[in-house]
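The values are calculated or read from the model by the stated rules, or taken from the named source; none is laboratory data. These numbers were taken from a predicted model, which means no experiment stands behind them. So basically every Cβ, Gly included, is an ideal-geometry build from the backbone, and we count neighbours across all protein chains shown. Heads up: the accessible areas ignore ligands, DNA and RNA and are worked out on the full protein's heavy atoms, side chains in. Shrake-Rupley method; radii C 1.70, N 1.55, O 1.52, S 1.80 Å.
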Amino acid sequence: MLIEQIHEPADLKKLNQRQLKQLAGELREEIVKVVSNRGGHLASNLGVVELTIALHTVFDAPRDKIVMDVGHQSYAHKLLTGRYELFQRLRQKGGASGFPQMDESEYDAFTAGHASTAISAALGMARTRDIMHGDYSVVAVLGDGALTGGMCYEALNDAGQSGTRMIVILNDNDMSIAHNVGALSKYLTFMRQSKGYLAVKQGVRTRLSSGREAAHAVLHFLEKCRNRVRSLFIDDKFFDALGFKYIGPVNGHDIKQLTRVLLRAKNDDKPLLIHVVTQKGKGYTPAEDHPDTFHGIAPFYIESGEQKGEHRLSSGEIAARQLIELAENDIRICAVVAAMPNGTGMDAFQQAHPERFFDVGIAEEHAVTMAAGMASQGMKPYVAVYSTFLQRAYDQIMLDVCRNSLPVTFLIDRAGLVGPDGATHQGVFDLSYLRSIPGMIVAAPRDVRDLKKLVCLSQDVNAPMAIRYPRECEDLGPGIQSQREFQVGEWELLSSGKDVTIFAVGRMVQLAMQATIELMGKGISAGVVDARFVAPMDRKLLLEQSWGKKLVVTAEDNVFSGGFGEGVLEMLNKENFHTPVLTLAVPDEYIEHATIAEQLKACGLTAMDISNRIQRKLKELSEARV
């Protein structure tokens, strides 16, 4: 196996073209095998195998800087940079991250988890090189979907006008996470499918690559005239206008051609953009046929491509179904997503109400402000987005939505701890950055039944509102369901305790209830309040259930700083309450990839941890009084 002989990129330089082609096949087999067991981003990684081999053959990482946008194309890179064993535990605790991480390997030039950042980071590295009189190369590798994000154009415009030496490789597979949207996608499709140019180019190469001296002379002449010939068939002035020399389209699965183009680009002193055309999912038929399904995939059976285990509806799918039902009789309701219709479950809304569904691409800032514009004219927009990605639109939430008191509802998926996707995707900051914004209603359902009720409630809320939930939402059953209609800012007392009250948010409600059973066995009477509204808070119930208690406890899957616990402390302090408060939250740090159960344990937020921490705190308080 050649793959087991590759310990560093320098080993690639010892291989011939036949061996490099063999290596590409082995890399694909390894990626499919590991992802089938561990889950991860499959289709996009399969598409860039030859490109990654060519990059590491031509450039000398880590001296040369290869910056990968997002990281959905980093698996082959990890396997070629000494992480074969680490890759076997992909996205598992102690294993390789699913994204590039600077603290994982010196070959990861920049930590990435969100799209459209690679060109900016690479430009910063290139400018540092020039200031420090270095001579290394800087390459930014991004998928075509990243170009739907405005940050790319800011960076391209800056780099192009300054003439900074760097290379941008556009991996164009006609698809990012879902089908690409927008004018640029159509532009790339036109360039990619310019059959006239591609046919002429291939025909000339085929006829002239016969070995005869005259033929080679003509071929060399045509290579020099490449730009003029291409201009007859392709309008490639878009990137030229931004100051980048355009090269392409290049076959992204031809290692020899890629190597030749990259070698030529390495020696150029201008900013270059190389347009590489690849097939997403290449080499694995189910991923080729369904690249959107195999973008981010749970463990699956290699033979059939079917996912392992029973499929459960995600929280996003449940929210979407409820929204579809409401939209049947309310023409104001529309859905907005940022390149994630499937991940957020809103592909179902797209099918039911296509005229009121808007996928804006990887452009969260635009999504939020567009929704604000719609709301200003009487629509009721719902922006479905992952918690980690909504962070990118903080300014737009604050000034465009909340400052104008517009009724935009945010359906925030993947809230709290997210498991294998790790540090760059944790949804543990949303309560903090949303709670601080004046006028924002922030709610967190404890289970799927609550989620449905909150979506229904939001229909009549004439104010900004956020509903945050984890990917998998439990159904706690009808036994503890509220019989009352929800009111904004109203909490729910689930059980009373004479010693302790636990005010819990979202998924922590179930864990808090389990903890009270453990405490009961220790002779401690603890009750639970479902604090489903983090903003505004239920002052009345908070004070009632804090009065006379030995200890008040808050539990949330959000960081401590600025979170729900701090809000409770602020309110109790303002009311001159002196009841001791124990705040249980995610530590103020980046939580690495592991299972959600492992992450809860690491954060001290399992039911047993909650019970033990309450017992320790009560013991400390008792000893302090003696």
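Couple of notes before you dig in:
- Share of carbon and sulfur in the accessible heavy-atom surface of the range 471-626 [1.4 Å probe, %]: 52 percent
- Separation in nanometres of the label points that stand 7 Å from Cα toward Cβ, at residue 298 and residue 102: 3.5 nm
- Candidate lysines - alpha carbon under 16 Å from residue 65, same-chain residues fewer than 8 apart omitted: 78, 266
- Given charges at Cβ of Lys, Arg, Asp, Glu: the chain dipole, positive-most of 94, 409, 378: 94
- Taking the accessible area of the range 314-393, probe 1.4 Å, and keeping the other protein chains in place, the carbon and sulfur fraction comes to 50%.
- Taking other residues whose beta carbon is less than 10 angstrom from the beta carbon of residue 456, and scoring Lys, Arg as +1 and Asp, Glu as -1, yields -1.
- Spatial separation of Cα centroids for the range 535-563 and the range 602-626, in angstrom: 16 Å
- For peptides 522-532, 404-414, 153-163, sequence by mean Cβ density within 10 Å, most packed first: 404-414, 522-532, 153-163
- Proximal lysines relative to residue 549, as straight alpha-carbon distance under 24 Å, when same-chain residues fewer than 8 apart are discounted: 498, 522, 540, 574, 617, 619
- Estimated from helices alone, the mean residue ellipticity of the chain at 222 nm is -11500 deg cm²/dmol (sum of -39500 (n - 2.57) over DSSP H runs with n ≥ 4, per residue).
- Selected from 126, 43, 367, residue furthest toward positive end of dipole (the chain; charges at beta carbon): 126
- Surface accessible to a 1.4 Å probe, per residue, for the residues of the chain, Å²: 42 Å²
- Cα→Cβ-extended label distance, 7 Å offset, between residue 136 and residue 496, nm: 6.6 nm
- In the chain, a dipole from Cβ-located charges (positive for Lys and Arg, negative for Asp and Glu) runs towards its positive end, and of 424, 267, 515 it is 267 whose Cα lies farthest in that direction.
- Extension gain for residue 487 to residue 612 (0.36 nm times residue separation, less C-alpha to C-alpha distance): 41.6 nm.
- Rounded to whole Hz, the Karplus (6.51, -1.76, 1.60) HN-Hα couplings of the range 505-518, x for glycine and proline: 10, x, 4, 6, 4, 4, 5, 5, 5, 5, 5, 5, 5, 4
- Against the chain, whose longest principal axis comes from its Cα atoms, helix 49-58 is set at around 60 degrees.
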